[in-house]
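These notes concern the structure reproduced below.
Values quoted throughout were computed directly from the atomic coordinates according to the rules given, and no laboratory measurement underlies them. If you're wondering where the values come from, they're calculated on a predicted model, not measured in any experiment. All Cβ positions, glycine included, derive from the backbone under ideal geometry; neighbour counts span all protein chains shown.
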């Protein structure tokens, strides 16, 4: 069982890294990109004997308490077998 | 239209950042996590007049040529309206 956690800056927070990538893409003549935002991405391999509900609760707790800075970031996650 | 690009280290490449997070989770008494790997995550806002096929080709090109280091990383992406 694997959990995928996606952490991004809140949309109200400026993302200088994304802006830099966007600027680079424009300079390199890639077309059609209006904006870029960068985030982090975690793959957690969960122990197979963990129940689905327990896994969900644990992953949500880890994402909220460890992987995300709640002041400027938000997260989403999905769990797959 | 938005494109989501996920970049991770190839599974054969050691991920010290993921290992550190895994170690921290163990020390903090989070249970059930066997392994952690960290990657990057990009959200590209695409211009609406871009066709689906063009968008797909352009995003794949950007991911391959700019966002990923092909020696140690691999990517996947999805496009959503």
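Brief remarks follow.
- Test: residue in segment A:37-54 that is more than 11 Å from every other protein chain (Cβ to nearest Cβ) and within 24 Å of residue B:29 (Cβ to Cβ): yes
To keep it simple, each residue is scored yes or no on (1) within 20 Å of residue A:18 (Cα to Cα); (2) surrounded by fewer than 17 Cβ atoms within 10 Å (Cβ to Cβ); (3) in contact with a strand residue (DSSP E or B) (Cβ under 7 Å, 6 or more places away or on another chain).
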position	(1), (2), (3)
B:4	yes, no, yes
B:23	no, yes, no
B:43	yes, no, yes
B:69	yes, yes, no
